[in-house]
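Everything below concerns the one structure shown next.
The values are calculated or read from the model by the stated rules, or taken from the named source; none is laboratory data. Nothing here was measured: the structure is a model prediction, and the numbers come from that model. Heads up, the Cβs are rebuilt from the backbone with ideal geometry, glycines too, and the neighbour counts pull from every protein chain shown. Ligands, DNA and RNA are stripped out before the accessible areas are found, and what is left, the full protein with its side chains, is counted by its heavy atoms. Shrake-Rupley method; radii C 1.70, N 1.55, O 1.52, S 1.80 Å.
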Amino acid sequence: MSGLERFSLNQWTVRQWSLPELVAGCAAAGVRAVGLWREPVREYGVEAAARLVRGAGLTVSSLCRGGFLTAADAPGRMRALAANRAAVEEAAALGAAALVLVAGGLPSGSRDLPGARERLADALAELGPYAAGYGVRLAIEPLHPMFASDRCVVSTLGQALDLAERFPAGQVGVVVDTYHLWWDDAVSRELVRAGEGGRIAAFQLADWITPLPEGVLLGRGQLGEGCVDLRWFRERVEAAGYAGAAEAEIFSPSLWAREGAEVLAETLDRYRTHVL
């Protein structure tokens, strides 16, 4: 795919839209792919959602999210594995190109980052073959270090690759998200490494703006609004051999307060201007 044909709209960029509105709006705008989230998909019905998306001629670039696999207690680990097996089955039903995994943060009272990453690796050893049996690829998403304590102990692309490379590339890849990786001076080298191993499973776009809002999770900027060189990232992932979707995933209450079609049109325009 090339140019606008590669563009995908993540469901959370236009969270104000219902799933049918998302599908209809993307189809009307000529967008060929969507990134979906488990909660609204399950609310609508997984099989019904799959029929809706396929009926509109769309594909699913990613399903968000699985993960949160760092629990230290046996019951917590068992619950997390069961939840992720369900996520794999949902991704398979939707035909998603990747199931995005957010590792999970530190258990309460813990300061052991390496131990938490090892528990993630242990979980991947179980989930990788299970996902492969469904034709689903797991994609580890490194998140900005500000989320390391409570949301994701994997903070860099290098850390994500260190984990992914323990397993076959067809089972476990990585997510390249500009919002989370723009700051890392090793990312250029790690993108080459990811490409050589065929590990890039998903590519997501959002900008970094300051000051960050309270809570920071919802502080993503519209494309071209902040300091991230989005075109540089697009060129590097393509040079690394990635030929999949470029998914705009922007968590922003200011976007959610607007009309969805207007947000989509603006995002497409900014994609043309700042990414292509």
field: Residue list for segment 224-269, filter: in a loop (DSSP other than H, G, I, E, B), farther than 19 Å from residue 22 by Cα and either open to solvent by less than 10 Å² (accessible area, probe 1.4 Å) or among the aromatic types (Phe, Trp, Tyr) (or both)
entry: 242
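Residue-wise test of (1) part of a strand (DSSP E or B); (2) more than 17 Å from residue 126 (Cβ to Cβ); (3) open to solvent by 50 Å² or more (accessible area, probe 1.4 Å).
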site	(1), (2), (3)
39	no, yes, yes
47	no, yes, yes
69	no, no, no
77	no, no, yes
81	no, no, no
93	no, yes, no
- prompt: Hey, among 161, 217, 212, 223, which residue is in contact with a strand residue (DSSP E or B) (Cβ under 7 Å, 6 or more places away or on another chain) and over 19 Å from residue 241 (Cβ atoms)?
  reply: 223
Given (1) under 20 Å from residue 33 (Cα atoms); (2) not in a strand (DSSP E or B), index of the condition residue 63 fails: (2)
message: Just the residues that are in contact with a Leu (Cβ under 9 Å, 6 or more places away or on another chain) and β-branched (Val, Ile, Thr), please, taken from segment 29-71.
response: 31, 34, 41, 46, 53, 60, 70
task: Could you name every one of the strands (runs of 3 or more DSSP E) located completely within segment 127-205 that has at least 1 residues being over 16 Å from residue 103 (Cα atoms), open to solvent by less than 20 Å² (accessible area, probe 1.4 Å) and in contact (Cβ under 8 Å) with a residue 12 or more places away in the chain?
output: 200-205
query: In segment 206-223, which residue that is surrounded by 14 or more Cβ atoms within 10 Å (Cβ to Cβ), assigned to a loop (DSSP other than H, G, I, E, B) and small (Gly, Ala, Ser) is modelled with the highest pLDDT?
result: 206
field: Which numbered condition residue 214 fails, given (1) farther than 22 Å from residue 4 by Cβ; (2) of a type outside the set (A, V, I, L, M, F, W, C); (3) touching a residue at least 12 places away in the same chain (Cβ under 8 Å)
entry: (3)
